[in-house]
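Report on one structure; see the data block that follows.
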Amino acid sequence: MTSSSPSKSSMASSSHLLLIALLLPALPAFSNAGKIAVYWGQNGYEGTLAEACNTDLYGYVILAFLTTFGNGQTPVLNLAGHCDPPSGT
């Protein structure tokens, strides 16, 4: 005679799937998912840096447009249409 009850391995598998299904929706609350990084400063029509930071759309706003750096040189920042740091404007 064969038994009609589920095997221990299929019960364990079902309980693992149930656990995953219950925990999966909670993952975004415990992760850094959804934080977007953006480069700011190369498009003169993108608004001010303060506006970009205050939108809450980005987790990180990166300013990384050094055109001259290293070897004892004075760093030169290029912010396209926003300002001209070498001339002080």
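Taking the condition of being of a type outside the set (S, T, N, Q), exposed (fewer than 10 other Cβ atoms within 10 Å of the Cβ) and either modelled with pLDDT of 65 or more or part of a helix (DSSP H, G or I) (or both), how many residues in the stretch 1-11 meet it?
Adding up the residues that qualify gives 1.
Could you tell me which of the residues LEU24, LEU79, LEU66, LEU49 is of a type outside the set (Phe, Trp, Tyr), at pLDDT 70 or above and exposed (fewer than 10 other Cβ atoms within 10 Å of the Cβ)?
LEU24
Of everything in the stretch 46-66, what is more than 14 Å from CYS83 (Cβ to Cβ) and of a type outside the set (Gly, Ala, Ser)? Give them in sequence order. Please lay out each step first, then the result.
Let us first name the residues in the stretch 46-66 that are more than 14 Å from CYS83 (Cβ to Cβ), namely 51-62, 64, 66.
Matches in the stretch 46-66: GLU51, CYS53, ASN54, THR55, ASP56, LEU57, TYR58, TYR60, VAL61, ILE62, LEU66.
Answer with yes or no whether ASN32 is at pLDDT 85 or above, surrounded by fewer than 10 Cβ atoms within 10 Å (Cβ to Cβ) and not aromatic (Phe, Trp, Tyr). Break it down into steps so the answer makes sense when it comes.
Working: at pLDDT 85 or above: no; surrounded by fewer than 10 Cβ atoms within 10 Å (Cβ to Cβ): yes; not aromatic (Phe, Trp, Tyr): yes.
Taking the combined requirement at face value, the residue does not satisfy it.
VAL38 versus (1) surrounded by fewer than 10 Cβ atoms within 10 Å (Cβ to Cβ); (2) at pLDDT 75 or above; (3) of a type in the set (A, V, I, L, M): which is the lone unmet condition?
Failing condition for VAL38: (1).
The values are calculated or read from the model by the stated rules, or taken from the named source; none is laboratory data. As the structure is a computational prediction, the values presented were derived from the model and not from experiment. Every residue, glycine as well, gets a Cβ built from its backbone with ideal geometry; the counts of neighbours run over all protein chains shown.
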